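The values are calculated or read from the model by the stated rules, or taken from the named source; none is laboratory data. It should be emphasised that the depicted structure is a prediction, and the values quoted were computed from it without experimental measurement. Glycine also receives a Cβ, built like all others from the backbone with ideal geometry; neighbour counts cover every protein chain displayed.
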Ligand code: ITT
């Protein structure tokens with residue numbers, strides 16, 4: 001059975017990769033290493049950070065590696081939190097506080113002024129070191145309140161028009177069929193199955 005490593009500690013991401021790669025691929029993550037490497041995400045773009053994570057793991061396992069760097073861009077906040085989405089207000093701050101801070105920061109903005117998007121860069125490094133990077137987005141708005149119990153992170157404040165509600169307020173399969181991660185994975189899948 002083929003093994004693909006995912007350079008992540010985030011179980012939500014691992015689940016989406018595993019579903020896309022199918023049953024004949026064994027998925028391993030940073031959690032399967034004897035010791036997790038310290039990875040400093042000091043790139044200036046989602047793509048750079050995705051490559052930093054994938055290269056760090058590829059240097060250890062020398063097998064195919066994939067990684068995901070993602071986040072929320074709020075246009076009224078100059079695209080913040082962007083690549084700092086996980087670190088915004090501190091890694092250990094809960095998402096109710098982070099989401100409320102964003103709602104508060106743009107409370108005077110209306111309609112189109114509340115535009116935002118989820119962005120996902122996925123890196124794939126083949127066993128021989130060949131590198132690929134893909135970008136997927138999901139365009140929406142910041143809702144006027146927290147809504148929904150599914151998903152993770154910023155889903156409860158991300159209004160997606162085709163859903164008519166937030167990405168936390170629909171079943172995970174529904175979100176995953178339209179998400180930024182899905183849109184990047186679809187591109188990877190085309191090259192993967194070549
Ligand atoms: P790894 O680096 O270990 O993969 P991470 O969660 O730290 O996991 P990132 O550095 O890529 O990942 O940060 C992404 C953050 O962006 C994530 O923690 C969420 O806050 C947000 N985010 C990304 N995708 C999201 C989604 O589908 N729904 C809601 N929030 C999302």
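Things worth noting here:
- Taken together, the residues in the range 28-62 that are assigned to a helix (DSSP H, G or I) and within 14 Å of the ligand (Cβ to nearest atom) amount to 15.
- Complete set of residues in the range 157-181 that are within 15 Å of the chain's Cα centre (by Cα), assigned to a helix (DSSP H, G or I) and over 16 Å from residue 132 (Cα atoms): 172, 175, 176, 180
- Condition check for residue 186 on (1) at pLDDT below 95; (2) assigned to a helix (DSSP H, G or I); (3) near the ligand (Cβ under 10 Å from one of its atoms): one failure, at (3).
- The listed residue being in contact (Cβ under 8 Å) with a residue 12 or more places away in the chain, outside any helix (DSSP H, G or I), on the phi > 0 side of the Ramachandran plot and touching a strand residue (DSSP E or B) at 6+ places or on another chain (Cβ under 8 Å), out of 129, 148, 136, 140: 148
- Residues that are within 21 Å of residue 128 (Cα to Cα), without any contact (Cβ under 8 Å) to a residue 40 or more places away in the chain and exposed (fewer than 13 other Cβ atoms within 10 Å of the Cβ) are absent from the range 84-101 altogether.
- Filter result (within 13 Å of the ligand (Cβ to nearest atom) and either modelled with pLDDT under 95 or closer than 19 Å to residue 72 by Cβ (or both)) within the range 116-134: 116, 117, 118, 119, 120, 121, 122
- Applying a threshold of 6 Å to beta carbon distances and a minimum spacing of six or more residues, or different chains, the list of pairs starting in the range 179-193 at a residue that is within 17 Å of residue 50 (Cα to Cα) and ending at one that is more than 11 Å from the ligand (Cβ to nearest atom) and in a helix (DSSP H, G or I) reads 185/20.
- Condition check for residue 20: under 17 Å from the mean Cα position of the chain (by Cα), more than 12 Å from the ligand (Cβ to nearest atom) and either crowded, with 21+ Cβ neighbours inside 10 Å or touching a residue at least 12 places away in the same chain (Cβ under 8 Å) (or both): yes
- Long-range neighbours under 9 Å by Cβ, at least six apart or interchain, first residue on the phi < 0 side of the Ramachandran plot within the range 24-51, second in a loop (DSSP other than H, G, I, E, B) and away from the ligand (no atom under 11 Å from the Cβ): 24/1; 25/1; 26/1; 28/63; 30/37; 48/42; 49/42
- One residue alone among 65, 25 is more than 14 Å from the ligand (Cβ to nearest atom), within 19 Å of residue 186 (Cα to Cα) and either in contact with a strand residue (DSSP E or B) (Cβ under 6 Å, 6 or more places away or on another chain) or at pLDDT below 95 (or both), and that residue is 25.
- Inspection of the range 154-165 finds no residue satisfying the criterion of being in contact with a helix residue (DSSP H, G or I) (Cβ under 6 Å, 6 or more places away or on another chain) and either surrounded by fewer than 18 Cβ atoms within 10 Å (Cβ to Cβ) or modelled with pLDDT under 95 (or both).
- Scope the range 96-126; condition part of a loop (DSSP other than H, G, I, E, B) and in contact with a strand residue (DSSP E or B) (Cβ under 9 Å, 6 or more places away or on another chain); matching residues: 106, 109, 126
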